[in-house]
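Asker: Quick one: the structure is below, questions incoming.
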Amino acid sequence: MPQPNTKDDGPRHVAIIMDGNGRWATQRGRPRLFGHQAGARRVREIVEACPDLGVDYLTVFAFSTENWKRTQSEVAGLMNLFRRYITREAKALKANDVCVRFIGDRVRLDAKLVAMMDELEALTANCRTVNLTIAINYGGRDEVARATKRLARDVAEGRLSPEDVDEETLPKYLDTCVLPDPDLVIRTSGEARISNFLLWQSAYSEYEFIDTLWPDFTADEFRSVVGGFGTRERRFGAVVA
Ligand code: IPE
Ligand code: IPE
Ligand code: MG
């Protein structure tokens, strides 16, 4: 069971719903994709701020299972951007000792992008300073459904007994099986909802909903939000003296 932390503990795992790219672009009279490009450039400085803050795990929501509902041109633009991000950032990620993982369902992604994701994971597999997880075609409900399907298969084929299915077993089937639960979830752009992000994992996460649009979110603001976490008292259902 998770233990209540002391007030001085910083978050070890921070997850971010990077929202507001479209509005940022619209405010400037530019197409939405311009905002996504500016947003993608923000990720590097946030990753680089992690080691000094004691953040070992950073998870970012880049594309949800619901984002396919957008126009074909926005979706295609985003998929291109993910490919370009990988090409452009691979070297720096490796040099900064960042271990990259992707979560989400890869089945609907194009084969070229999936190959690049696999390559980046392999390239950075031994990196240890920061664990960066990028959620692409990720939805919390979809993840739980896919996990349940694999779990059911293990039961049907006799590898797992129904009696052994519990809170410890199920998360082993989630995409995030090697990650600790997020301590802090930040959402930019002023929306106070989680939009299907890390549903199981964030049961006891602290949330920060901030008004800044993602392309304007600086490392300084990140440091200040992460700094504020230390003043929160996490109880995990217990009474803390
Ligand atoms: C977040 O920004 C990026 C993705 C969801 C891909 P949005 O594109 O949702 O920006 P807004 O919310 O429309 O401003
Ligand atoms: C959540 O943002 C998904 C990502 C940031 C990738 P959305 O903009 O898709 O969420 P809603 O539609 O406002 O709930
Ligand atoms: Mg949005």
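No lab work stands behind these numbers, since they all come straight from the coordinates. Please read these numbers as outputs of a predicted model, since none were measured by experiment. Here the Cβ positions follow ideal geometry from the backbone for every residue, glycine too, while neighbour counts run over all protein chains shown.
Asker: Note down the nm distance, to one decimal, between modelled labels 7 Å out along Cα→Cβ at LYS91 and at THR148.
Answerer: Taking the simple label geometry, LYS91 and THR148 are separated by 4.7 nm.
Asker: What are the equivalent ellipsoid semi-axes of the chain, built from the alpha-carbon gyration tensor (square roots of five times its eigenvalues), in whole angstrom, biggest first?
Answerer: 28, 24, 18
Asker: I would also like to ask the following. If I build a Gaussian network model for the chain, linking alpha-carbon pairs within less than 10 angstrom, which residue out of THR218, THR26, THR71 has the largest mean-square fluctuation?
Answerer: Result: THR71 has the largest fluctuation of those listed.
Asker: Now for a separate question. Between LEU170 and ASN126, what is 0.36 nm times their sequence separation minus the Cα-Cα distance? Round to one decimal in nm.
Answerer: 13.2 nm
Asker: Roughly speaking, what is the stretch gain from ARG108 to PHE236, that is 0.36 nm per residue apart minus the C-alpha to C-alpha distance, in nm to one decimal?
Answerer: Details: separation 128, 0.36 × 128 = 46.08 nm, distance 3.67 nm.
42.4 nm is the gain from fully extending ARG108 to PHE236.
Asker: Here is a follow-up. Using a 10 angstrom cutoff on alpha carbons, build the Gaussian network for the chain and name the most mobile of VAL178, VAL114, VAL60.
Answerer: Result for the chain, Cα springs under 10 Å: VAL178 fluctuates most.
Asker: Cut-off under 23 Å on the C-alpha distance; same-chain residues fewer than 8 positions from LYS149 excluded. Which lysines are left, in chain and number order?
Answerer: LYS172
Asker: Taking amide H atoms as placed 1.01 Å from N in the peptide plane, list the residues 5 or more away in sequence, or in a different chain, whose amide H sits under 5 Å from that of MET18.
Answerer: So MET18 has HN proximity to PHE61.
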